[in-house]
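Asker: Got a structure for you, written out below as structure tokens; questions coming shortly.
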Amino acid sequence: PSFHPRLKDIQYVFPPAPTIPITINGGMKMPGWFDLYDWPIGVGSKDDKDGLMAGVEKIESEVAKLKSEGIPASKIVVGGFSQGGAVALLAAYRNTGEAYAGCASLSAWLTLPGELNVLESSAQKTKLFWGHGKFDDKVLFPQQKFGVDMLRSQGVTVSDSSYDMGHSSHPDEMKAFADFVDQ
């Protein structure tokens, strides 16, 4: 992929999702951060709290490794696509989360919304980029507005954009994402 020229000195870490049984696929095992019970994923879909928290623990483990290398949380952006973005949102904004430099949510959704209680330090320091496809038939487009509105109501600075695409990425989205990280 082609990234913004100033982003060449960034270290990227892409932990793989574990292979787990996924309910919507008849319990067949496949890569997934957590179980899915509803398809497509609309506002109000059931969440797998245990699986989500295991995903958050994986992110926190990767962050701990970076911190042990001398990279402070204030220089770390967590993010992901679809389930990865949902886990990143939870890691960045749950009430015990650490304040990161930013969070990127690409075609994702806000999980456990009834438990959302963003710490003031996370709200002030962890800015959010949320890109989503207007024609997403997997993680439905209303998920973006729902999540963005909830996070803004908790004081999070959000840069949200939508694109003429489905559940995928768009070159303009990748450029906006790179510009977000650059800032």
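The values are calculated or read from the model by the stated rules, or taken from the named source; none is laboratory data. Since this is a predicted model, take the numbers as computed values, not measurements. Neighbour counts are summed over all protein chains in view; Cβ atoms, including those assigned to glycine, are modelled from backbone coordinates with ideal geometry. Ligands, DNA and RNA are excluded from the accessible area calculation, which covers all protein heavy atoms including side chains. Shrake-Rupley method; radii C 1.70, N 1.55, O 1.52, S 1.80 Å.
Asker: Filter the range 9-66 for residues that are of a type in the set (Lys, Arg) and closer than 16 Å to residue 92 by Cα and give the result.
Answerer: 49, 58
Asker: Which is of a type in the set (Ser, Thr, Tyr), free of Cβ contacts under 8 Å to residues at least 60 places away in the same chain and surrounded by 13 or more Cβ atoms within 10 Å (Cβ to Cβ), of 82, 74, 105?
Answerer: Working: 82 fails: free of Cβ contacts under 8 Å to residues at least 60 places away in the same chain; 74 fails: surrounded by 13 or more Cβ atoms within 10 Å (Cβ to Cβ).
None of the others qualify; the one that does is 105.
So that you can scan it fast, the table gives a plain yes or no per residue for (1) out of contact with any Leu (no Cβ under 6 Å at 6 or more places or on another chain); (2) closer than 23 Å to residue 141 by Cβ; (3) in contact (Cβ under 8 Å) with a residue 24 or more places away in the chain:
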{"residue": "15", "(1), (2), (3)": "yes, no, yes"}
{"residue": "19", "(1), (2), (3)": "yes, no, no"}
{"residue": "28", "(1), (2), (3)": "yes, no, no"}
{"residue": "44", "(1), (2), (3)": "yes, yes, no"}
{"residue": "47", "(1), (2), (3)": "no, yes, yes"}
{"residue": "52", "(1), (2), (3)": "no, yes, yes"}
{"residue": "56", "(1), (2), (3)": "no, no, yes"}
{"residue": "60", "(1), (2), (3)": "yes, no, yes"}
{"residue": "69", "(1), (2), (3)": "yes, no, no"}
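Asker: If you scan the range 30-42, which residues turn out to be in contact (Cβ under 8 Å) with a residue 24 or more places away in the chain and under 30 Å from residue 11 (Cα atoms)?
Answerer: 32, 33, 34
Asker: Would you mention how many residues in the range 114-136 are over 17 Å from the mean Cα position of the chain (by Cα) and within 11 Å of residue 157 (Cβ to Cβ)?
Answerer: Residues flagged as over 17 Å from the mean Cα position of the chain (by Cα) and within 11 Å of residue 157 (Cβ to Cβ) within the range 114-136 amount to 1.
Asker: Turning to a different aspect of this structure: When you scan the range 76-83, do you find a residue that is polar (S, T, N, Q), modelled with pLDDT of 95 or more and touching a Ser or Thr at 6+ places or on another chain (Cβ under 7 Å), even just one?
Answerer: Yes, some residue in the range 76-83 is polar (S, T, N, Q), modelled with pLDDT of 95 or more and touching a Ser or Thr at 6+ places or on another chain (Cβ under 7 Å).
Listed here are the residues, each with its yes/no results for (1) over 21 Å from the mean Cα position of the chain (by Cα); (2) at positive phi; (3) open to solvent by 60 Å² or more (accessible area, probe 1.4 Å); (4) at pLDDT 80 or above.
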residue	(1), (2), (3), (4)
5	yes, no, yes, no
8	yes, no, yes, no
17	no, no, no, yes
22	no, no, no, yes
28	yes, no, yes, yes
33	no, no, no, yes
38	no, no, no, yes
41	no, no, no, yes
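Asker: Next question, about the same structure. Quick one: residue 130 ticks every box in (1) in a strand (DSSP E or B); (2) open to solvent by 50 Å² or more (accessible area, probe 1.4 Å) except a single one, so which number is it?
Answerer: (2)
Asker: Filter the range 43-65 for residues that are surrounded by 13 or more Cβ atoms within 10 Å (Cβ to Cβ), farther than 20 Å from residue 75 by Cβ and not small (Gly, Ala, Ser) and give the result.
Answerer: Answer for the range 43-65, where residues must be surrounded by 13 or more Cβ atoms within 10 Å (Cβ to Cβ), farther than 20 Å from residue 75 by Cβ and not small (Gly, Ala, Ser): 43, 47, 48, 49, 52, 53.
Asker: Being of a type in the set (A, V, I, L, M, F, W, C), touching a Lys or Arg at 6+ places or on another chain (Cβ under 9 Å) and either under 23 Å from residue 120 (Cα atoms) or not in a helix (DSSP H, G or I) (or both) is the filter here; which residues of the range 141-179 pass it?
Answerer: 141, 156, 158, 165, listed by residue number.
Asker: Here's another thing I want to ask about it. For residues that are in a loop (DSSP other than H, G, I, E, B) and open to solvent by 10 Å² or more (accessible area, probe 1.4 Å), tally how many sit in the range 111-127.
Answerer: Of the residues in that region, 5 qualify.
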